[in-house]
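Everything on this sheet refers to the single structure shown next.
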Amino acid sequence: MTSMTTLHALPAVPSRRATETPSHVALLAAGAGISVASLYYNQPLLDRIAHDLAVSPAASGMLPTLTQVGYAAGIFLFAPLGDRLDLRRVILVKGSALAVVLALAGVAPSIHLLGAASLAIGLLATTAQDFVPAAAALAAPEARGKTVGTAMTGLLLGILLSRVVSGIVGSAFGWRTMYLGASVAVAGLVAIASRKLPSMPRASGESYGALLRSIAGLAVRFAPLRRAALAQALLSVAFSGFWSTLALVLAKPPFHYGSAVAGAFGLAGAAGALVAPLAGSLADRRGPESIVRAGSLLVALSFLAMAAAPGSIALLVAMTLLFDLGVHGALIAHQSIVYALDPAARSRLNAVLVSAMFVGMAAGSAIATRLFAEYGPRSVMLLGATAALLALVVRLLPASAQRGA
């Protein structure tokens, strides 16, 4: 998500000579992708986890909720660190801790300990959000956009391909192997970063508390920010509700598919998300409001189609592509709206938007898991359609509601 998690605003950095090299760019892109992938490994594995730990699908379905709650909290709590500490140090400390909790998840003997590890994984997977501003800090001004774009491509691919990798590894070797392998990958990333990344001076001398308080102040100050956060959170309910229950849906009749097929659906999501950046150029020409509305409508229609024919695998694949396109297109347009509010506060503005997204994702996972257990897959699709229609209503409110206080 981010895919939904994809974009973290770039903190202002002091003027300094660029130290970027091609190897730095590759490292930053890989780091963003490998870190953020930790959020999504559990989604294709839920049925296997439930079976191995002898718990209900509803219990295993809470794991994505916990990672997303952790990520939302981490975005908010750790956002000031990138402005007031050396980014290299932040990356190394958080990355090392992420490797440890992934290993703990891989050996967790109970669903309760796996849940605690999942919450910690969410908190520390925000390391991904440190690699992108690091790319901006190291790039020459004339190449900053290209460098940041490359890092964002790595982050996006991490989100999209994590489910594919997890599904294949989980099917062949089990879910514990996936977590342990992810731990090794993150540890290797940290080892390389410790040798390759230069120090990056802090951008702000304000205290952590002052920076943290200013985030809440921005939400109070700007009505368009609140509106964007609410609409994207509702779309995230639909997005996460689908992905958090997909493995459970596919494991049941009429499909009877394993985790490898559930993971392969990430490729359908990839197609939609990779096309979504075109929404940025459309937003420049037609304005972001029209893109958000079109994206919300596309998500609603996709979920209504899946609710109408819940047993069609072809329709499921096609609608996955379309609703991912709608969610990512709306996110890009919402960021255009939010970033224009105060260029000097883009990092903290984005923290509000991304935190709201992941609160929506956590809610979507929790509600969809419960609905699936009680009423089956069609109820999950109706949840997605309802959430997307509510997002559309939010965006159709009078333009006067967008003015900041």
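The values are calculated or read from the model by the stated rules, or taken from the named source; none is laboratory data. Bear in mind the structure is a predicted one, so any value in this text is a computation, not a measurement. Heads up, the Cβs are rebuilt from the backbone with ideal geometry, glycines too, and the neighbour counts pull from every protein chain shown. Side chains are part of the model used for accessible areas, which takes the heavy atoms of the whole protein and leaves out ligands, DNA and RNA. Shrake-Rupley method; radii C 1.70, N 1.55, O 1.52, S 1.80 Å.
Give the residues of segment 74-117 that are touching a Ser or Thr at 6+ places or on another chain (Cβ under 7 Å) and in a loop (DSSP other than H, G, I, E, B), sorted by residue number. Those that are touching a Ser or Thr at 6+ places or on another chain (Cβ under 7 Å) and in a loop (DSSP other than H, G, I, E, B): Ala79, Asp86. Checking the structure you have, find out if any residue of segment 210-220 is surrounded by fewer than 24 Cβ atoms within 10 Å (Cβ to Cβ) and farther than 27 Å from Ser336 by Cβ. Yes: segment 210-220 contains one or more residues that are surrounded by fewer than 24 Cβ atoms within 10 Å (Cβ to Cβ) and farther than 27 Å from Ser336 by Cβ. Can you spot a residue in segment 95-104 that is open to solvent by 40 Å² or more (accessible area, probe 1.4 Å), in contact with a helix residue (DSSP H, G or I) (Cβ under 7 Å, 6 or more places away or on another chain) and among the hydrophobic types (A, V, I, L, M, F, W, C)? The answer is yes, given that some residue of segment 95-104 is open to solvent by 40 Å² or more (accessible area, probe 1.4 Å), in contact with a helix residue (DSSP H, G or I) (Cβ under 7 Å, 6 or more places away or on another chain) and among the hydrophobic types (A, V, I, L, M, F, W, C).
Once segment 266-314 is narrowed to residues that are within 21 Å of Tyr339 (Cα to Cα), modelled with pLDDT of 75 or more and among the hydrophobic types (A, V, I, L, M, F, W, C), the residue that is surrounded by the most Cβ atoms within 10 Å (Cβ to Cβ) is Val292. Elements of the type helices (runs of 4 or more DSSP H) sitting completely within segment 289-404 and holding at least 2 residues that are under 21 Å from Leu156 (Cα atoms): these cover 313-339, 346-375.
Go through Ala117, Ala128 for me and flag whichever is hydrophobic (A, V, I, L, M, F, W, C) and modelled with pLDDT of 95 or more. After applying the criteria, what remains is Ala117. When restricted to residues that are of a type in the set (Gly, Ala, Ser), closer than 16 Å to Arg84 by Cα and surrounded by fewer than 19 Cβ atoms within 10 Å (Cβ to Cβ), segment 194-203 contains 1.
Report the residue count in segment 173-193 for those that are among the aromatic types (Phe, Trp, Tyr) and either open to solvent by 30 Å² or more (accessible area, probe 1.4 Å) or touching a strand residue (DSSP E or B) at 6+ places or on another chain (Cβ under 8 Å) (or both). Number of matching residues: 1. Take the residues of segment 150-183 that are within 13 Å of the chain's Cα centre (by Cα) and farther than 19 Å from Gly95 by Cα: which is modelled with the lowest pLDDT? That would be Leu160. Looking at this structure, is Thr65 at pLDDT 85 or above, crowded, with 22+ Cβ neighbours inside 10 Å, closer than 20 Å to Phe265 by Cβ and among the hydroxyl-bearing types (Ser, Thr, Tyr)? In short, yes. Considering the conditions (1) more than 22 Å from Ala363 (Cα to Cα); (2) assigned to a helix (DSSP H, G or I), Leu234 is excluded by exactly one of them, (1).
Per the listing Ala120, Ala135, the residue uniquely open to solvent by 10 Å² or more (accessible area, probe 1.4 Å) and either assigned to a helix (DSSP H, G or I) or small (Gly, Ala, Ser) (or both) is Ala120.
Put simply, of Val327, Val352, Val359, Val317 the only residue that is in contact (Cβ under 8 Å) with a residue 40 or more places away in the chain and open to solvent by less than 10 Å² (accessible area, probe 1.4 Å) is Val327.
Report yes if Ala29 is modelled with pLDDT under 90 and either within 26 Å of Arg348 (Cα to Cα) or not small (Gly, Ala, Ser) (or both), otherwise no. Taking the combined requirement at face value, the residue satisfies it.
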